[in-house]
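A.B. asks: Provided herewith is a single structure, encoded as structure tokens, for subsequent inquiry.
The values are calculated or read from the model by the stated rules, or taken from the named source; none is laboratory data. Note that the structure is predicted; figures quoted are calculated from it, not measured. Heads up, the Cβs are rebuilt from the backbone with ideal geometry, glycines too, and the neighbour counts pull from every protein chain shown. What goes into the accessible areas is simple: the full protein's heavy atoms, side chains included, and nothing from ligands, DNA or RNA. Shrake-Rupley method; radii C 1.70, N 1.55, O 1.52, S 1.80 Å.
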Amino acid sequence: MHLSRFSDYSVRVLMYLALNQDHVVTIANIADTYKISENHLTKVVHYLGQQAYIKTIRGKGGGMRLNKTPAEISLGDLFRKTEGKAGLLPCVNGEGDCCIMSVCRLIAILNESQQALYQVFDKYTLADLVVDKSSLSQILTPS
């Protein structure tokens, strides 16, 4: 399975915010740290705000913060939301034009494997990703 760049950036934003909970953080801070486009991050931040993972603060001194504790943010839930309903192949969702879809046994196997993957993600939270704060902070905390 391949997670989308959107999911990757979503996790990166949340990790950054988890390490900087005592600061209001800007998109520019995160983009500069990770060396990724502010335009991409703007879309990610907007989505994370809509999903109530983060709280955005407008105006001078504005930015964003986590809206939940890191322990409350399930990686399984996050990836289900950021990846959407896409299956490993279009046929998993009943889409596509494959002539053997109606009898193909691979579809059930792909469904099972995707469910297993999410079950693994369900075991972990954002807190598990930032447990080694000292090493991560050296890289992700603004100076």
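A.B. asks: Here are some residues: Leu110, Leu129, Leu136. Which one is surrounded by 13 or more Cβ atoms within 10 Å (Cβ to Cβ), modelled with pLDDT under 90 and within 30 Å of Lys35 (Cβ to Cβ)?
C.D. replies: None of the others qualify; the one that does is Leu136.
A.B. asks: Can I ask one more? Could you please let me know if Phe121 is farther than 17 Å from Tyr47 by Cα, under 13 Å from the mean Cα position of the chain (by Cα) and in a helix (DSSP H, G or I)? Quick ask: steps written out before the conclusion?
C.D. replies: Values: farther than 17 Å from Tyr47 by Cα: yes; under 13 Å from the mean Cα position of the chain (by Cα): yes; in a helix (DSSP H, G or I): yes.
So Phe121 fits the description; yes.
A.B. asks: State all residues of the stretch 23-63 that are part of a strand (DSSP E or B), under 24 Å from Arg80 (Cα atoms) and either of a type in the set (Lys, Arg) or modelled with pLDDT under 95 (or both); if no residue qualifies, say none.
C.D. replies: Correct list: Lys55, Thr56.
A.B. asks: Which one of Ala18, Ala71 is touching a residue at least 60 places away in the same chain (Cβ under 8 Å), assigned to a helix (DSSP H, G or I) and either among the small types (Gly, Ala, Ser) or open to solvent by 70 Å² or more (accessible area, probe 1.4 Å) (or both)?
C.D. replies: Exactly one residue qualifies, and that residue is Ala18.
A.B. asks: Is there a residue in the stretch 76-85 that is of a type in the set (Gly, Ala, Ser) and over 17 Å from Ser10 (Cβ atoms)?
C.D. replies: no
A.B. asks: Filter the stretch 1-15 for residues that are surrounded by fewer than 16 Cβ atoms within 10 Å (Cβ to Cβ) and of a type in the set (S, T, N, Q) and give the result. Give the steps one after another, and end with the answer.
C.D. replies: Within the stretch 1-15, the subset surrounded by fewer than 16 Cβ atoms within 10 Å (Cβ to Cβ) is 1-6, 8.
Listed by number, the list holds a single entry, Ser4.
A.B. asks: Could you give me the residue pairs with C-beta distances under 6 Å whose first residue belongs to the stretch 41-54 and is free of Cβ contacts under 8 Å to residues at least 40 places away in the same chain and surrounded by 13 or more Cβ atoms within 10 Å (Cβ to Cβ), whose second residue is among the small types (Gly, Ala, Ser) and assigned to a helix (DSSP H, G or I) wherever it lies, and which are 6+ apart or on separate chains?
C.D. replies: Sorted first by the residue in the stretch 41-54, then by its partner, the pairs are Leu41/Ala31; Val44/Ser10.
A.B. asks: Collect the residues in the stretch 43-58 that are in contact with a strand residue (DSSP E or B) (Cβ under 6 Å, 6 or more places away or on another chain), closer than 13 Å to Leu14 by Cβ and of a type outside the set (A, V, I, L, M), keeping them in residue-number order.
C.D. replies: Gly49, Lys55
A.B. asks: Does the stretch 1-15 hold any residues that are in contact (Cβ under 8 Å) with a residue 60 or more places away in the chain and either out of contact with any Asp or Glu (no Cβ under 7 Å at 6 or more places or on another chain) or of a type outside the set (Gly, Ala, Ser) (or both), and which are they?
C.D. replies: Hits for the stretch 1-15 are Met1, Leu3, Phe6, Ser10, Val11, Leu14, Met15.
A.B. asks: Can you give me the number of residues within the stretch 81-107 that are in a loop (DSSP other than H, G, I, E, B), closer than 22 Å to Phe6 by Cβ and either among the aliphatic types (A, V, I, L, M) or open to solvent by 60 Å² or more (accessible area, probe 1.4 Å) (or both)?
C.D. replies: Here the count works out to 5.
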